[in-house]
1. Just checking, how many residues over segment 222-256 are surrounded by fewer than 11 Cβ atoms within 10 Å (Cβ to Cβ) and either without any contact (Cβ under 8 Å) to a residue 60 or more places away in the chain or under 16 Å from residue 180 (Cβ atoms) (or both)?
2. Looking at segment 166-187 only, could you name the residues that are buried (at least 16 other Cβ atoms within 10 Å of the Cβ) and either in a helix (DSSP H, G or I) or modelled with pLDDT of 90 or more (or both)?
3. With the structure loaded, tell me whether residue 219 is loosely packed, with under 15 Cβ neighbours inside 10 Å, over 28 Å from residue 238 (Cβ atoms) and free of Cβ contacts under 8 Å to residues at least 24 places away in the same chain or whether it fails that test.
4. Looking at (1) at pLDDT below 85; (2) over 30 Å from residue 239 (Cα atoms); (3) outside any helix (DSSP H, G or I), which one does residue 153 not meet, given that it meets all the others?
5. Mind listing just one residue for me: the one in segment 88-97 that is out of contact with any helix residue (DSSP H, G or I) (no Cβ under 7 Å at 6 or more places or on another chain) and surrounded by 12 or more Cβ atoms within 10 Å (Cβ to Cβ) and, of those, farthest from residue 45 (Cα to Cα)?
6. Could we say that residue 205 is at pLDDT 90 or above and in a loop (DSSP other than H, G, I, E, B) here?
7. Determine the pairs where a residue that is exposed (fewer than 10 other Cβ atoms within 10 Å of the Cβ), located within segment 116-132, has a partner that is at pLDDT 65 or above with Cβ atoms under 9 Å apart, the partner being 6 or more residues away or on another chain.
8. Go over the candidates 100, 85, 75, 104 one by one and state the one that is without any contact (Cβ under 8 Å) to a residue 60 or more places away in the chain, closer than 16 Å to residue 45 by Cβ, assigned by TED's automatic domain parsing to the domain that holds residue 49 and over 24 Å from the mean Cα position of the chain (by Cα).
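The values are calculated or read from the model by the stated rules, or taken from the named source; none is laboratory data. Nothing here was measured: the structure is a model prediction, and the numbers come from that model. Methodologically, a virtual Cβ is constructed for each residue, glycine included, from the backbone with ideal geometry; neighbour enumeration extends over all protein chains shown.
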């Protein structure tokens with residue numbers, strides 16, 4: 001997050017070594033115009049962030065921040081002396097105007113940050129819900145169906161997250177109610193080796209909780225995930241169920257090699 005205090009510290013570091021006293025006479029001759037000053041301060045903030053990144057430091061070390069800032073001044077057609085004089089004027093003679101200048105800089109930086117975020121979202125869009133079943137199950141079920149078994153083909157390498165919001169009521173009579181799942185290769189779904197995930201046990205308190213489990217699919221591999229959203233240890237018998245499972249989703253995120 002962009003902060004006003006960070007910009008103040010950066011520009012203070014530029015002039016602190018040669019700052020004059022408040023009694024010094026400072027006029028407006030040869031000051032850097034406001035629009036150019038905004039551009040310079042914007043470049044300074046971005047540069048300060050870059051030279052603090054380890055990869056940049058390793059590639060271009062040793063980096064001298066003062067000489068780097070001098071290059072910024074020269075790029076805009078000014079010198080460090082002119083920058084010092086300009087900043088001294090605003091700090092001493094017109095600090096309110098300086099705040100407005102910084103507001104413009106922050107506005108530019110915020111807009112740049114927003115554009116970058118949008119580009120990232122375009123290149124890594126939020127995945128659609130891959131869950132093949134209903135998004136809500138409720139027991140007792142008026143329709144008479146109690147199937148919460150799932151079978152998910154995972155065809156792309158990456159990470160898949162199964163999540164759901166579950167409300168398990170205290171009068172539910174299931175023993176050890178939980179979400180269970182295992183992965184197996186598609187060519188041996190029934191007979192192949194299964195890799196079981198740690199079961200997720202539900203809280204029987206009548207409150208809604210969100211549960212999730214993530215499956216990783218290695219590169220050049222496809223898997224099937226099978227399991228149950230409502231597994232329990234009761235033997236087939238006449239006992240009461242009281243659970244609501246909703247907002248069920250399976251999302252995908254690509255993982256680079």
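1. First, the residues of segment 222-256 that are surrounded by fewer than 11 Cβ atoms within 10 Å (Cβ to Cβ): 233, 235-238, 254, 256.
Add one more test, that the residue is either without any contact (Cβ under 8 Å) to a residue 60 or more places away in the chain or under 16 Å from residue 180 (Cβ atoms) (or both), and what stays is 233, 235-238, 256.
Matching residues across segment 222-256 total 6.
2. Of all residues in segment 166-187, those buried (at least 16 other Cβ atoms within 10 Å of the Cβ) come to 166-168, 172, 174, 177-181, 183-184.
Scanning segment 166-187 gives 166, 167, 168, 172, 174, 177, 178, 179, 180, 181.
3. Numbers: loosely packed, with under 15 Cβ neighbours inside 10 Å: yes; over 28 Å from residue 238 (Cβ atoms): yes; free of Cβ contacts under 8 Å to residues at least 24 places away in the same chain: no.
Criteria not met by residue 219.
4. Residue 153 satisfies all of (1) at pLDDT below 85; (2) over 30 Å from residue 239 (Cα atoms); (3) outside any helix (DSSP H, G or I) except (1).
5. That would be 93.
6. Numbers: at pLDDT 90 or above: yes; in a loop (DSSP other than H, G, I, E, B): yes.
For residue 205, the condition - at pLDDT 90 or above and in a loop (DSSP other than H, G, I, E, B) - is met.
7. Filtered contacts from segment 116-132: 126/251.
8. Criteria check complete, one pass: 75.
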